[in-house]
1. Would you pull out the residues with amide H under 5 Å of F417's amide H, same chain only if 5 or more places away, H placed 1.01 Å from N?
2. Restricting to the chain, what percent of DSSP beta bridges are antiparallel, rounded to 5?
3. Which lysines, on any chain, are close to K442 with Cα under 29 Å apart, when same-chain ones fewer than 8 places away are left out?
4. Residue by residue, what Karplus-based ³J(HN,Hα) values in Hz, rounded to whole numbers, does region 330-341 have, using 6.51, -1.76 and 1.60 with θ = phi - 60° and x for Gly and Pro?
5. Could you please report the charge total around A412, scoring K, R as +1 and D, E as -1 over all other residues with beta-carbon less than 10 angstrom from its beta-carbon?
6. Using amide H atoms built in the peptide plane, which far-off residues or other-chain residues are under 5 Å from I234 H to H?
7. What percent does the relative contact order of the chain come to when contacts are Cα pairs within less than 8 Å and at least six residues apart?
8. Would you check the accessible area of K34, probe 1.4 Å, heavy atoms only, in square angstrom rounded to 10?
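The values are calculated or read from the model by the stated rules, or taken from the named source; none is laboratory data. What you are looking at is a predicted structure, and each value in this text was computed from that prediction instead of being measured. Ideal geometry is used to build each Cβ from the backbone, glycine not excepted, and the neighbour counts take in all protein chains shown. The area values use the complete protein model at the heavy-atom level, side chains included, leaving out ligands, DNA and RNA. Shrake-Rupley method; radii C 1.70, N 1.55, O 1.52, S 1.80 Å.
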Amino acid sequence: MADDGAAQKRARMNAETKVVYLVASGDLRLSANKLCWQAQQEMEAQLGQAFKALGWEVIRAHPFDPKLQHGFIWNQRMGMDVFRSIPKDAFVVVAEAVWQYSYHVLAGLRDHVGPVLTVANWSGQWPGLVGMLNLNASLTKMQREYSTLWSETFTDEFFVSGLGQWLREGRIQHDQSHVQVADLTQFPAELVSLGSELGRELRERKAIMGIFDEGCMGMYNGIFDDEVLNATGIYKERLSQSALIAEMRLVTDKEATDVFQWLVQCGFTFNFGSDEATELTKAQVHEQCKMYIAAIRIAHDFSCDMIGIQYQQGLKDMAPASDLPEGLMNNVERPPVFDRTTGAELFNGKAVVHFNEVDQGAAVDALVTNRVWTKLGFDPATTLHDIRWGSQYQSDDGMDEFVWVFEISGSAPPSHFKDGYKGASGERQPPMYFPLGGSTLKGVSKPGEIVWSRVFLMDGVLNV
């Protein structure tokens, strides 16, 4: 994938001009871009000083837009046009302090010849690190060479030395000695046998991935071609979020109220207010209960082994957020849903595997995890978590450890919480992302070990 000689030659040519072009991919939603712009400005100022200290000039490839009140690339066409103004062999840095839609800049990065560096700020304020990692995964799927860096201050030795190497050589070599290829001979024979058995079963019986509108928030990395998926035994059932809305209209108010009452009786705490625009209301949760029922009924109609709701653009303007339904579906203990005609309970005693944001990398992983955990007699509840941030933490009782923060927008299963449903609470999703609101499914996780895994595309094949 990498041509070190060519990269170093371009680096030497660019070193004569000492100019780097900066681009910043943003959200598609204006409200998010406006609110997060200040953090982006602060990060770019620090980054500019780091380049200046090494004798390089940063040229921002697209200006601040006074009408929109932000300076992000906010759609795909804009990204294409911005890259037309950048010399093909120039050094390009993609700087991210926020969540961003990778497809805004992928077209330009695919055709760009010069070295590319992705950079994120190490901050828990906005998910800039997550935005950068999504872009990295998209570039990896695209088989486009890139380098990556991150920093809290942009003055630390790790960042400065890495930046210097990129400016000199056009690439950064990180220590990846911790990454090891799994050696199956080192695993217990009975577990290898179980894995092989489940793999054969998946290939022979096959599985259906119900997907409500493919692609979410520009996550190119989360879309797997059918040819790649089919080789595992997984086939897509392409559904529509409009069908989900239509099915919600067939759910009765009594059915939705029964789901709500089930949750309240289990100890779920909803933090209700009265302002629809800014607070969580019972009306929003009522619609989410209808979505929960509708999604499970559609999964049953199409014999889906897992489903994913695209969740963002389009649906957010038609219904409250799908977080609450998603978290409930991934839990074995959940409100019962009945067939609209026969009255039989659907997926009785089972989790309905749901992959957040139609991320197919999470989908394959969740399905396999569900089947392995079930076979081993463990709770098969799964959830998608972003690695958001981390910091050294010192407690009053003497703890002094580095703590990683794992987060998702609000769809974790209650069985993951230390007090189950009694420890679950619902907050309104932020208005800047979800104008129609909706409850999260939030709680403090149980202490103990976790298995954090993901399926991703690299070199044209699936990896774990």
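1. So F417 has HN proximity to K446.
2. If I count the DSSP bridges inside the chain, around 30 percent turn out antiparallel.
3. K34, K254, K282, K290, K316, K350, K375, K418, K422
4. With the stated coefficients, region 330-341 comes to 6, 9, 5, 7, 7, x, x, 10, 10, 4, 5, 10 Hz.
5. Computed value for this residue: -2.
6. A207
7. Relative contact order for the chain comes out at 14 percent.
8. 90
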